[in-house]
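Colleague: Have a look at this one.
The values are calculated or read from the model by the stated rules, or taken from the named source; none is laboratory data. Everything numeric here is computed off the predicted structure, so don't read it as measured data. Positions of Cβ are generated from backbone atoms using ideal geometry, with glycine treated the same way; all protein chains shown enter the neighbour counts.
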Amino acid sequence: MVVSFSIIPLDKGVSLGKYVARVTELVEESGLDHRLTPMSTIVEGDWDEVFDLIRRCHERMREDSVRVVTTIKVDDREGATGRLDGKIQSVERHMRRSGSERGR
């Protein structure tokens with residue numbers, strides 16, 4: 001499954017990089033395939049691995065903040081792996097096809 005999540009401390013102002021960095025360390029240590037984006041972190045793995053990681057990330061943020069909001073979006077496709085890159089490659093293939101069809 002592919003999971004996008006963000007964890008936001010509500011009492012730290014507008015610059016959150018140092019708090020996100022502490023959480024991102026846990027993601028990197030997890031060994032799960034992941035991507036840090038400007039708005040969220042995307043992780044691929046099985047349910048237990050991913051949600052244990054998100055729980056630990058939330059708890060890490062709570063060490064620094066009295067109020068934390070965690071949002072989670074799950075894409076659970078049976079038997080699918082390698083989707084962090086595969087989903088992007090699929091869209092790019094379709095874009096190339098679409099572009100070549102316009103040129104006809």
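Colleague: How many residues does the stretch 1-22 contain that are in a helix (DSSP H, G or I) and either in contact with a strand residue (DSSP E or B) (Cβ under 6 Å, 6 or more places away or on another chain) or among the polar types (S, T, N, Q) (or both)?
Modeller: Narrowing the stretch 1-22 to residues in a helix (DSSP H, G or I): 17-22.
If we keep only those that are either in contact with a strand residue (DSSP E or B) (Cβ under 6 Å, 6 or more places away or on another chain) or among the polar types (S, T, N, Q) (or both) as well, we get 19.
Number of matching residues: 1.
Colleague: If a residue must be under 21 Å from Glu44 (Cβ atoms) and in contact (Cβ under 8 Å) with a residue 24 or more places away in the chain, how many such residues does the stretch 54-70 contain?
Modeller: 6
For (1) more than 13 Å from Val3 (Cα to Cα); (2) assigned to a helix (DSSP H, G or I), each residue gets a yes or a no:
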position	(1), (2)
Glu25	yes, yes
Glu28	yes, yes
Pro38	yes, no
Glu49	no, yes
His58	yes, yes
Leu84	no, yes
Ser98	yes, yes
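Colleague: While we're looking at this one, here's another question. Would you mind stating whether Val69 is within 30 Å of Pro9 (Cβ to Cβ), hydrophobic (A, V, I, L, M, F, W, C), surrounded by fewer than 13 Cβ atoms within 10 Å (Cβ to Cβ) and at pLDDT 95 or above? Spell out how you get there, then give the answer.
Modeller: Working: within 30 Å of Pro9 (Cβ to Cβ): yes; hydrophobic (A, V, I, L, M, F, W, C): yes; surrounded by fewer than 13 Cβ atoms within 10 Å (Cβ to Cβ): yes; at pLDDT 95 or above: yes.
In short, yes.
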